[in-house]
Amino acid sequence: MSGSSEPEGRPGLRVEEIAEAEQVVGGLAPEEAALGEKERAGARGRKALTTAAWTAPGAVWLVFFLLAPVLMIVLVSFWTRTFSGFEAVWTLDNYQFLFDSNVYWDQLWSSFWHSLVIVAASLVFGFPVAYFLAISVSSLRYQIALFIVALAPFWTSYLIRAVAWIPMMGRQGALNTALIEVGLIDQPLDILLFSDFAVTVAMLQLYILFMVTPIFFMLAQIDRSSLEAARDLGANAFKTFREVILPQSMPGIVIGSIFVFILTMGEFATVRIIGGGTVSSVGTIVQTQVASVQFPQAAASAVFLVLAMIVGVFVLLRFSNLREEL
Amino acid sequence: MTVSRRTSRDETQTVREGAATAAPSQAPAGTGLELKDLTKRFGEDVIACDGIDLHIAHGEYVVLLGPSGCGKTTTLRMIGGHEEPTSGDIVLDGQSLLGLTPDKRPTTTVFQHFALFPHRTVRENVEFGPKMHGVTKAERRDKAMNALEMVGLTTMADRKPSALSGGQQQRVALARVLVMEPKALLLDEPLGDLDRLLRLRMRVELRALQRQLGLMFIHVTHDQEEALSVGDRIVVMHEGRIEQVADPYTISNRPENVQVAAFMGDNNIFEGTVSSQEGDRFVMDGGDATLSARASEGEVAVGKPAAVVVRAAAVQVDEDPVGGPNQLLGDIEVVEYLGDLVKLHLGAGGRRLTAKVAGDRYPEFQGREGSSVRLSWKEEDVRLLRA
């Protein structure tokens with residue numbers, strides 16, 4: 001399948017390349033634009049070929065590891081479940097089941113909403129961190145050192161980090177014990193583990209660096225003298241932030257939001273570990289279905305999960321013209 | 001720039017003009033910018049500015065000139081409010097600016113690297129200041145377009161800064177501060193990022209613009225030629241102190257001390273001991289060279305060390321010997337042809353000297369490295385330097 005779709009992918013690339021090449025030719029100086037039609041077409045063809053050669057490895061990779069699996073999922077979602085897996089018999093039963101299932105839609109919506117909350121929270125908590133690293137810390141050495149410290153949690157597997165929340169947040173966990181010792185509470189707080197809140201906090205901790213990093217890199221690129229110029233031209237500290245810093249960090253915010261949104265939307269491991277059995281997500285639904293060998297059903301559930309992600313990404317992309325601003 | 005405001009400034013400018021060109025520093029007390037014993041320390045040991053006293057009149061083009069680290073940029077940043085002085089005062093039209101953040105000061109700065117806002121178009125960059133001051137959309141658009149017209153960039157209004165050349169970005173930076181109608185325009189190495197030809201052109205434009213607007217310009221540079229070209233007055237700074245304040249001609253022809261003479265370049269500095277003094281004339285023994293010059297009573301004393309300067313352009317090469325002091329033999333080390341003039345780098349008894357002669361004499365010196373020439377100068381071209 002992938003073998004047949006690759007040649008299809010290439011002409012697509014080439015068409016786009018030619019369009020770009022034409023734009024370049026359109027902007028050339030008169031003497032170059034005056035080249036014969038033939039030479040131009042020849043140069044264009046060669047350029048397109050070079051570009052295609054450069055893109056080929058990436059294209060192959062994408063086809064094998066992204067397009068093919070996604071296509072496979074879509075196909076399987078239209079196939080029939082058998083006792084031990086599935087067979088290639090077309091059916092709409094899997095979707096019929098989904099459409100009849102309020103649980104699924106509630107879950108999809110709540111996962112969507114949940115992800116947005118985590119995106120917002122990681123922005124609220126992550127932006128100041130990125131700002132501090134990129135703007136407040138003036139020495140590049142300290143910037144890098146502190147950034148590596150911030151990355152430290154990523155040196156361990158994220159599963160371990162998720163599991164580490166249990167001794168921290170459990171009924172007998174460090175936090176509850178500390179709060180009781182201090183006398184702030186009498187009874188351990190149950191909300192700290194195996195709850196929606198716990199899952200949200202854990203995911204925030206697990207994914208916030210995906211927000212901090214792109215924002216940090218955007219902020220680090222801002223010319224500091226342009227901040228002085230803003231002050232000089234009459235902007236107070238707040239207006240300087242709103243008019244100069246925030247717009248320039250927008251691409252980072254959007255990219256970070258996309259990262260966090262996609263990663264949390266499909267999450268199931270953290271939900272399982274931190275949520276115990278009490279919290280579910282689209283991810284856990286799919287996982288349960290896979291575990292009970294309902295592959296076509298799981299595929300259909302996954303298809304809508306992916307569609308929801310695409311919608312979310314499109315909404316996020318509206319906040320910044322990444323092509324132009326990066 | 002609104003019409004009404006410009007007119008009012010023009011009026012004050014015409015009143016001022018006569019006095020300003022003759023003796024800019026003697027403007028009526030209380031107006032203009034006054035730096036009083038301005039000092040800035042960074043930490044314990046570093047003194048960036050050490051007791052700067054300076055008065056700058058409205059409509060005056062002043063250049064702060066000096067090598068890097070002399071405190072010129074720090075001085076400018078303190079005027080603009082980007083740095084707080086350790087002690088001293090900055091007074092503009094009778095009001096102290098101390099403690100005011102940059103957005104509250106009637107000064108604006110053109111930064112060395114332009115510091116444009118990359119996410120805004122040229123027009124939005126220029127509109128930024130008025131926008132921050134709550135000017136309505138239509139009005140700030142007019143102002144912006146007026147300012148862009150002044151710098152000849154109206155056709156670029158809708159481009160992003162990244163689509164402009166260095167010179168154009170420089171103009172946007174200028175338009176962006178001009179639109180603010182500041183009382184003082186501060187320029188921090190404004191031409192430093194431009195290539196040479198553009199720099200030569202922009203400095204003429206800066207000068208013309210300043211004349212046209214009658215604004216106070218304070219321009220920081222380390223480029224001597226640029227300073228001479230644009231300034232009404234030049235403030236030569238060295239190690240946090242002002243060495244000399246004077247018009248370009250005086251700075252160039254009568255440097256007051258060794259630092260100024262050395263920094264301005266193309267000056268031959270002789271150090272020695274005063275061997276005799278008669279009336280307002282004295283003779284200095286500088287080892288292999290004997291120089292005579294004029295000095296008023298008490299400026300020199302026989303037996304005491306002294307330093308004098310002879311400009312490279314005042315050194316005559318291979319001309320009729322006059323006899324007496326003020327001449328010596330030198331060996332040509334390098335002949336440097338610079339078009340309009342020939343610069344001769346000479347060695348004379350371990351001393352390195354420079355002479356500039358007219359460019360049409362190049363054939364005379366071409367290839368004469370190593371040969372000996374007679375150097376002489378007139379007594380009136382020898383200037384006594386303050387210790």
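The values are calculated or read from the model by the stated rules, or taken from the named source; none is laboratory data. Keep in mind it's a predicted model, so treat the numbers as computed, not measured. Glycine also receives a Cβ, built like all others from the backbone with ideal geometry; neighbour counts cover every protein chain displayed.
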Checklist entry - Any residue at all in the stretch B:43-60 that is in contact (Cβ under 8 Å) with a residue 24 or more places away in the chain and within 14 Å of chain A (Cβ to nearest Cβ)? => result no
Checklist entry - Given the structure, is B:Arg211 under 21 Å from the mean Cα position of the chain (by Cα), assigned to a helix (DSSP H, G or I), surrounded by fewer than 17 Cβ atoms within 10 Å (Cβ to Cβ) and not β-branched (Val, Ile, Thr)? => result yes
Item to check | Within the stretch B:84-121, tally of residues that are within 14 Å of chain A (Cβ to nearest Cβ), assigned to a loop (DSSP other than H, G, I, E, B) and of a type in the set (Ser, Thr, Tyr) | outcome: 2
Next on the checklist: Residue pairs, Cβ under 8 Å, 6 or more apart or interchain, first in the stretch A:227-249 and closer than 17 Å to A:Phe127 by Cβ and more than 7 Å from chain B (Cβ to nearest Cβ), second in a helix (DSSP H, G or I) and hydroxyl-bearing (Ser, Thr, Tyr). List them.
Outcome noted: A:Leu227/A:Thr240; A:Ile245/A:Tyr131
Checklist entry - Looking only at the stretch A:273-323, which residues are touching a helix residue (DSSP H, G or I) at 6+ places or on another chain (Cβ under 7 Å) and of a type in the set (Gly, Ala, Ser)? => result A:Gly275, A:Ser280, A:Ser281, A:Gly283, A:Ala298, A:Ala299, A:Ala300, A:Ser301, A:Ala302, A:Ala308, A:Gly312, A:Ser320
Checklist entry - Considering the stretch B:176-204 alone, what residues qualify as being surrounded by 22 or more Cβ atoms within 10 Å (Cβ to Cβ) and part of a loop (DSSP other than H, G, I, E, B)? => result B:Val179, B:Met180, B:Pro190, B:Leu191
Item to check | Residue check, A:Phe127 on the phi > 0 side of the Ramachandran plot and either of a type in the set (Phe, Trp, Tyr) or in contact with an Asp or Glu (Cβ under 9 Å, 6 or more places away or on another chain) (or both) | outcome: no
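What residue, of A:Ile253, A:Ile180, is in a helix (DSSP H, G or I), at pLDDT 90 or above and either more than 13 Å from chain B (Cβ to nearest Cβ) or touching a Leu at 6+ places or on another chain (Cβ under 9 Å) (or both)?
Working: A:Ile180 fails: at pLDDT 90 or above.
A:Ile253 is the lone residue from the list that is in a helix (DSSP H, G or I), at pLDDT 90 or above and either more than 13 Å from chain B (Cβ to nearest Cβ) or touching a Leu at 6+ places or on another chain (Cβ under 9 Å) (or both).
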Next on the checklist: Quick check on my filter: what residues within the stretch B:199-245 are in contact with a Lys or Arg (Cβ under 7 Å, 6 or more places away or on another chain) and aliphatic (A, V, I, L, M)?
Outcome noted: B:Met216, B:Val220, B:Val230, B:Met237, B:Val245
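Looking at the stretch A:41-70, which of its residues are more than 30 Å from A:Val303 (Cβ to Cβ) and of a type outside the set (Val, Ile, Thr)? Lay out the reasoning, then the answer.
Applying the first criterion (more than 30 Å from A:Val303 (Cβ to Cβ)) to the stretch A:41-70 yields A:41-54.
Within the stretch A:41-70, A:Ala41, A:Gly42, A:Ala43, A:Arg44, A:Gly45, A:Arg46, A:Lys47, A:Ala48, A:Leu49, A:Ala52, A:Ala53, A:Trp54 meet the criteria.
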Checklist entry - Only one of (1) modelled with pLDDT under 50; (2) closer than 16 Å to B:Ala184 by Cα; (3) under 25 Å from the mean Cα position of the chain (by Cα) is not met by B:His58, so which one is it? => result (1)
Checklist entry - Do the conditions hold for A:Gln143, that is, is it assigned by TED's automatic domain parsing to the domain that holds A:Ser249, touching a Leu at 6+ places or on another chain (Cβ under 7 Å) and assigned to a helix (DSSP H, G or I)? => result yes
Checklist entry - Which residues, counting only those in the stretch B:164-193, are away from every other protein chain (no Cβ under 12 Å) and acidic (Asp, Glu)? => result none
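Looking at the structure I just gave you, is B:Ala173 surrounded by 24 or more Cβ atoms within 10 Å (Cβ to Cβ) and either assigned to a helix (DSSP H, G or I) or outside the structural domain of B:Tyr61 (by TED's automatic domain parsing) (or both)? Please lay out each step first, then the result.
Working: surrounded by 24 or more Cβ atoms within 10 Å (Cβ to Cβ): yes; either assigned to a helix (DSSP H, G or I) or outside the structural domain of B:Tyr61 (by TED's automatic domain parsing) (or both): yes.
Yes, satisfied.
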Item to check | Top-ranked residue in the stretch B:61-83 [being within 14 Å of chain A (Cβ to nearest Cβ) and among the aliphatic types (A, V, I, L, M); ranked as farthest from B:Arg211 (Cα to Cα)] | outcome: B:Met78
Checklist entry - Among the residues of the stretch B:221-266, which ones are within 16 Å of B:Gly69 (Cα to Cα), assigned to a loop (DSSP other than H, G, I, E, B) and within 12 Å of the chain's Cα centre (by Cα)? => result B:His222, B:Asp223
Checklist entry - Of the residues that make up the stretch A:202-210, is at least one of a type in the set (Gly, Ala, Ser), within 14 Å of another protein chain (Cβ to nearest Cβ) and crowded, with 22+ Cβ neighbours inside 10 Å? => result no
Checklist entry - Before we move on, is A:Ala235 over 22 Å from A:Val212 (Cβ atoms), at pLDDT 90 or above, of a type outside the set (Val, Ile, Thr) and in a helix (DSSP H, G or I)? => result no
Checklist outcome for this item: Residue count, the stretch B:133-159, condition within 14 Å of chain A (Cβ to nearest Cβ), under 17 Å from B:Ala173 (Cβ atoms) and surrounded by fewer than 21 Cβ atoms within 10 Å (Cβ to Cβ), comes to 1
